[in-house]
1. With every protein chain kept in place and ligands, DNA and RNA left out, what is the accessible area per residue of the stretch 46-146? Probe 1.4 Å, answer in Å².
2. What length, rounded to one decimal in nm, is gained on full extension from Leu154 through to Ser62, with 0.36 nm per residue of separation minus their alpha-carbon distance?
3. For a quick check of your reading of the filter: which trypsin sites (Lys or Arg not before Pro) in the stretch 49-127 sit in a DSSP loop and have no more than 11 other Cβ atoms within 10 Å?
4. Kindly flag which residue pairs out of Lys56/Lys150; Lys47/Lys121; Lys116/Lys150; Lys47/Lys116; Lys48/Lys116; Lys56/Lys121 have an alpha-carbon separation exceeding 20 Å in this structure.
5. What are the radius of gyration and Dmax of the stretch 47-176, computed over its Cα atoms and given in Å?
Amino acid sequence: MARTANIENEELKTTEIDMTEAEADEALKAYLAGLLNAAEDAEDETKKIEIVRNGKTYFAFSIHSLPDETLYEIRKKYTKYVKNKRTGTKVAEGVDNAKLRSSMIYNATIAEDQEKLWDNKQVQEALRRRGKHIINALDVIDAVLLPGEKENVLTVLDELSGYDTEEAKVETAKNL
């Protein structure tokens with residue numbers, strides 16, 4: 001038995017496409033498989049970050065994308081809110097950008113590298129002996145990464161999260 005699908009384009013013209021029920025089921029299965037694969041790939045993709053200065057590689061770590069919920073919680077934690085006297089609502093007064101960026105890097109770092117680098121008690125103690133104020137893993141990130149290096153890591157994180165990719169730029173250009 002053949003099914004007929006009506007598809008409307010931007011000019012509101014109607015086109016009919018004949019497809020068998022088996023073809024429709026196959027198309028649906030391919031569509032669902034694509035959705036599931038996209039979700040799985042988003043979780044599994046990592047990128048290796050190398051910290052290189054003057055041609056010398058100091059260390060490397062891998063990062064993965066962050067879910068929206070994690071990004072929301074990080075932004076909320078490092079944003080200072082005050083109550084608007086006129087309206088009574090809370091409004092953002094400022095953001096601790098250094099800690100926000102370090103927290104994003106920490107949370108994007110794969111668990112194995114978090115333990116090896118940022119949470120490493122020996123690293124923390126060695127940095128303290130060098131006069132660095134180290135209380136937690138974010139302080140380690142602040143101590144060992146330069147601001148530009150943090151920015152580069154966050155750029156890679158954006159790419160892993162689907163921002164600022166060539167595909168996105170092409171799609172945006174097509175939609176203009």
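1. Working: 6760 Å² over 101 residues.
About 67 Å² of surface per residue is accessible.
2. Working: separation 92, 0.36 × 92 = 33.12 nm, distance 1.22 nm.
Extra length available between Leu154 and Ser62 comes to 31.9 nm.
3. Working: sites: Arg53, Lys56, Arg75, Lys76, Lys77, Lys80, Lys83, Lys85, Arg86, Lys90, Lys99, Arg101, Lys116, Lys121; in loops: Lys85, Arg86.
For trypsin sites (Lys or Arg not before Pro) across the stretch 49-127 that sit outside H, G, I, E and B with at most 11 neighbouring Cβ atoms in 10 Å, the list reads Lys85, Arg86.
4. Numbers: Lys56/Lys150 17 Å; Lys47/Lys121 25 Å; Lys116/Lys150 18 Å; Lys47/Lys116 17 Å; Lys48/Lys116 15 Å; Lys56/Lys121 25 Å.
Those over the limit are Lys47/Lys121; Lys56/Lys121.
5. For the stretch 47-176, the Cα radius of gyration and maximum Cα-Cα distance read 17.6, 56 Å.
The values are calculated or read from the model by the stated rules, or taken from the named source; none is laboratory data. Predicted, not measured: the structure shown is a model, and the values here were computed from it. All Cβ positions, glycine included, derive from the backbone under ideal geometry; neighbour counts span all protein chains shown. Note: areas computed on protein heavy atoms with side chains; ligands, DNA, RNA excluded. Shrake-Rupley method; radii C 1.70, N 1.55, O 1.52, S 1.80 Å.
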